[in-house]
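Input: a single structure, listed below in structure tokens.
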Amino acid sequence: MSYVYPGTGGMSMHSGRPPPPSAGPPGHVTNSAPPPSGPGPGGYYGRMPYGPQYPLPPTAQIQPTGNALSSGMQWMSIRPPPPGGSGTVQPPSRLLSSSGQVASGHALPGQNLAGHTGPPPPHPTKTGLPPPSSHGAPWASEPPKNLPPSSSGHTVSGQLPLPPPMQPVVSYNSNVRMPPPLSLGQPPSSGQPLMPGSGQPPSSGHVPGGVQGPRPGLLPTPPTSAQGLLPTPPRQPPSVSGHGILPTPPPPTAGQGGLLPPPARPPVSGQGLLPAPGQLPSHPPMTGATSAGRYPMAPPPGVSGAAVMTPGHGLLPPPPPTVSGQGPPPPQPTGIGSSLPPPPTGWSYRGPESTGSRPPPPPGSTGGGGMMGQAPPPPPPTSAMAPPPSHPHMAHPPNPHSTQPQKPTVPADPELRPVNIMEARQVLPQTPLVPPKISLPGGLGVFNPPPHIMCCTMNAVPTTSSLLGKMKLPLAIHIHPYKDVSMHECPVIHPSTIVRCRVCRAYINPFVVFIDSRHWRCNLCFRPNALPEDFDYNAQTGKRGDRGMRMEIKRSSVEYIASSEYMLRPPQPCVYYFIIDVSYNSVNSGVLALTCRCLLDCLGRVPGDARTLVGFLTVDSSLHFYNLSIGNSQPQMMVVSDVDDIFIPSPDSLLVNLKESKDMIRTLLEDMPGIFAETPITECALGAALQVAEKLLHSIGGRVTVIQTCLPTTGPGALKNRDVNPPATKKDTINMAPASDFYKKLALDLSSQQIAVDLFAFSSSQFIDLSTISCVSKFSAGQVFYYPDFHHSQHTSRLRYEKDFTRYLTRKIGFEAVMRIRCTEGISLHTFHGNFFVRSTDLLSLPNTNPDHGYTISLSIDENLKDMSTVCCQAALLYTSSRGERRIRVHTLCLPVSSQPSVLYSKLNVVAITGVLANMAVDRATSSSIGDARDALLNTVVDCTKMYRSQVASANCPPFTLPSSLAQLPLFVLSLLKNPAFTLSSRISYDVRAQTMNLIKSTPLSYLMPTIYPSLYALHSLTEQNVVETETGETVVQAPLLQLSPENTSRYGIFLMDCGHSMYIWVSSDAPDALVSKILGVTNFEAIPEDMTTIPVQDNESSRVVHMLLKQISLSRQHHVSLIVIRERSQKRLLFVERLLDGKTDNGTSYYEFISHILRQLGK
């Protein structure tokens, strides 16, 4: 290995270990200058929707928003933020002059996924019939070309030919007659306009310049009160504040008591997490990268004027807009009411309904007591127990002799069955929770994507914003867009024409309506569109086929391979750049050696093609570059000691072709641990290394992988140790905000150049300020991994890192990605949660996308939806695959609309609600304090309980009553309060807390829930009778779930706890030797090793079933799940005991104490 030391006098060559470099000048924090505006070399997508053609208003500011609509949101704050904001943008109607031209100095923001800037459409109507173009509309344009003739001969200037209105038409199959298309109603013709200065609802389609304007109320204004969850003050016009289009908060008004303004009934006290539609908090303006990003897709030639398609499985128009479950509710069955007073604090019992969830004692035992050997207290007498086994959760019947007006009785819908939370101690079913069924007209609900890909918190959407506000619950969707799925769940297709709506640019999906054999109506904007001539042509048979068999019609999740017409330049190659910490901590902990070993093992499996590029940079107090060109006989190291004035030697040879230089790369990775084996340097210049990566990759983009083991203390972005000790009381603030905005600004610059940063952080009991350095990943769409107290001698930690890093290097990846979310008119996007950068109101910039990232989007209702039977949300992810293909993955979710509170409450998805509350609590904790986040979570339960009792429940129901669809909400909220992100325990380190918040914001919902509320199974009770075959022919283990209560564990059993990233097998002290031998393969309890992480496969029934269950859990995750065997009296016992969240732990109260506290709050 040869070494080069660039200096003022030139470069010097050395061999062997380089001498210690001279110390450079003291490091100082520098802010990288934003890249120049305008498209960069070979730019994609037109970068950002700003520039000479679309100038920003003179008062507007560009602000980095990575979590733009989440991290900067002050509506989560209990204390109202100060009013103000910068740079308001007039509504579209005010930006247009009387002649229909864009006013001077303004432009209408937005753009389609492909950067399409074709002729704009006319103003929409919900019936799909465009108005005449003779009223001076500003969207006048050339009529579309090459459209099929209208069957009626009626045309509208600049529009598609329309079919004969409201008469039966015959499809291409003469044997099938289609009923007339459904009229979805007209927009409101009277009342207050939706936006100031506008007499009609603004369109969500394109406006001049091909730019999609923001919907009114897209980003609501901030709350100004301290009560409740979902405020509903008047909506404000949007304003520009930062890179995204953000509304400016109004000044506080008198009479508002908190986050939730009172509905048309007495206000509810408490502070909640949920903002009202029409509100968005203010946030300070940020500076950052103002240049446009490079986006790799452009619309195919001629698309702007041509009609494109987006049909779905709605081959027939839907029935009239009615919702299942509306109408007079059936009478409520009466039963025995409960007269049992609440048990004393600290004492618990379980009613008859809970006996089935207690695991049976293992063979050879005499029964099961509590986990610590104490049997639970005997249950109260049977006569005192209210809900009989046949009706375990029945509410009090109404009093027939009462003179007070009675509310309608609750329908007998099983999802709406009222549950007395104080009596139903075992609220968790023995089977996994599943979302309520989505009931769509015509049975179209079966075409929705599976919940692990896309789901909503409400499987029936309220018709109005006020109705949503009264529920005090969030309306949001969870999306896992790039998940590894089978071809059955997300087929890949390569059609001759990608059919899209000509107005809103939505993709065809199963929920559109075919007007006739030549036209279809979009289910998002309700405009009619023409079908391509070859839409019904089957290329395999050469004949006309059944359009209902097209994949884009029968699947709501589909992936298109885009044609060359969508490309402005050849796709970028895969570029992987590794920044590796080689300081003393990295060498001593074994991180450097493990990293090099994993890289050597995975070099041949890294995704990419023949053009894949790789580079390496090692960093301590200096920067070490490596020339790996094939012309060299061995790798050449070049050392730069001045990290404050970066100099990049030989920039053309630092990124090399992986295939051509593989031998040189292997030599470097084999030698690297030895080169730095004796290093005494403890400093690290992380900021300077990231700036080098930006300069090297700015023209092509790529992925930067950072291996960091210590606090960066020198060079740009240097940090200092700060006081992060936990507070003595919850009134004290745990400061989770970043210490510097250097890494956030740098992330914005990287994102604009299509560069993402993934961070692997390690610590050995020292502080590394993860909340600050992780910003470089959060705002560049990267991922953060954290390994506390890491040392290579610890088998569990070492194995976890090896598995994680190996999967990271070999998993699929998408480059230069963007994701756009479209919703039915009347629904707008409110808040985004995840790792990304917001380019516009509905466009997320994702320089890299990976299958382990999920996103949460809060929605708001801007218009009355009473004339609609369904609403839809569509997520389109555009990316470049590792093989150089442009691909578009589309997911579409369709939900019914209802104005009946009983229907709405029966369709709540409590798991999805919990995920949204966790994301909102993280925002509250970072913007305010941990204590405020805890109070808001608690008040969420109080507020929604009061609202349910006031709207749906009978007058005589117990105070703490919830519908069965929400029965687990108090349990899940308690688990959040005990979560490392929100607990006040002094044993939770600052970096662990910060990483837990990172995971909540970026982890898909299906992977997040086990970390919030783990699953508990009794392994000793499993037999082959628990092994069943599903409808798809798959063999699975159906193990009964247990609630996380010490009562459900016994001294004689063996239990499995699934915590998401880890699984724990708990072996009770009195477990029979025969049972221990069958499951664990050791003779008795005392023979269990302290560091046991695997169990052998044995030829007995218990071992086979247990291993099937372990494999089943591992295959359901896309990450490594470690296994730890814990004896009852071992040092690791707290790993299991603290996760029995129903019991009283150091992190909080027991479940019964928690619900008793809520009951007292309900009585206030």
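Just a few scattered comments:
- Structural descriptor for the range 529-611: relative contact order 19 percent, calculated from alpha carbon pairs under 8 angstrom and at least 6 residues apart.
- Over the range 451-511 - Rg/Rh using Cα atoms and the Kirkwood inverse-distance radius: 1.09
- Rough spin-label spacing in nm, given labels placed 7 Å along Cα→Cβ, for residue 695 and residue 950: 6.2
- Computed from backbone phi with θ = phi - 60° and the Karplus coefficients 6.51, -1.76 and 1.60, the 3J(HN,Hα) list for the range 1078-1085 is 5, 8, 9, x, 10, 6, 7, 4 Hz; x is used for glycine and proline.
- Ranked packing of 521-530, 678-687, most packed first, by mean Cβ within 10 Å: 521-530, 678-687
- For the range 584-676: rounded, prolate or oblate by the Cα gyration tensor [a/c cutoff 1.5]: oblate
- Percent of Cα pairs in the range 1014-1140 per distance bin of 5 Å, from zero to the largest separation: 2, 11, 22, 25, 22, 12, 4, 2, 0.
- Annotation: peptides 703-711, 737-745, 1082-1090, ranked by per-residue average of other Cβ atoms within 10 Å with the highest first, follow the order 703-711, 737-745, 1082-1090.
- Anisotropy class of the range 925-1069 from Cα gyration tensor, a/c 1.5 cut: oblate
- Residues whose placed amide H lies under 5 Å from that of residue 785, excluding near-sequence neighbours: 759, 760, 761
- Counted by neighbouring Cβ atoms within 10 Å, the residues 520, 1066 run from fewest to most as 1066, 520.
- Residue order, fewest to most beta carbons within 10 Å, for 642, 581, 652, 789: 652, 789, 642, 581
- Neighbour counts of other Cβ atoms within 10 Å put 696, 748 in the fewest-to-most order 696, 748.
- Whole-Hz couplings from phi, Karplus 6.51/-1.76/1.60, listed for the range 692-700; x for Gly and Pro: 4, 4, 4, 5, 6, 9, 5, 8, 10
- With both residues required to sit in the range 575-810, DSSP beta bridges show an antiparallel share near 30%.
- The HN-Hα couplings worked out from phi for the range 991-1008 by the Karplus form 6.51 cos²θ - 1.76 cosθ + 1.60 (θ = phi - 60°) are 6, 5, 4, 5, 5, 4, 5, 4, 5, 4, 6, 10, 7, x, 4, 5, 8, 6 Hz, whole numbers, x standing for Gly and Pro.
- Mean separation of Cα contacts under 8 Å, 6 or more apart, over the residue count of the range 1014-1140: relative contact order %: 28
- Based on Cα contacts under 8 Å between residues 6+ apart, the range 430-548 shows a relative contact order of 14 percent.
- Burial order of peptide ranges 630-638, 810-818 (average beta-carbon count within 10 Å, highest first): 810-818, 630-638
- Spin-label pair residue 1030/residue 1091, simplified geometry with 7 Å Cα→Cβ offset, distance in nm: 3.7
- Taking a ≥ b ≥ c as the square roots of the eigenvalues of the Cα gyration tensor, an a/c ratio of 1.5 or more together with a/b larger than b/c marks the range 575-810 as prolate.
- Amide H partners (placed H, <5 Å) of residue 518, local residues excluded: none
- Amide H contacts of residue 538 (H built 1.01 Å from N, under 5 Å, at least 5 apart or other chain): 543, 544, 545
Values quoted throughout were computed directly from the atomic coordinates according to the rules given, and no laboratory measurement underlies them. Because the structure is predicted, anything quoted here is derived from the model rather than measured. Neighbour counts run over all protein chains shown; Cβ positions are idealised from the backbone, glycine included.
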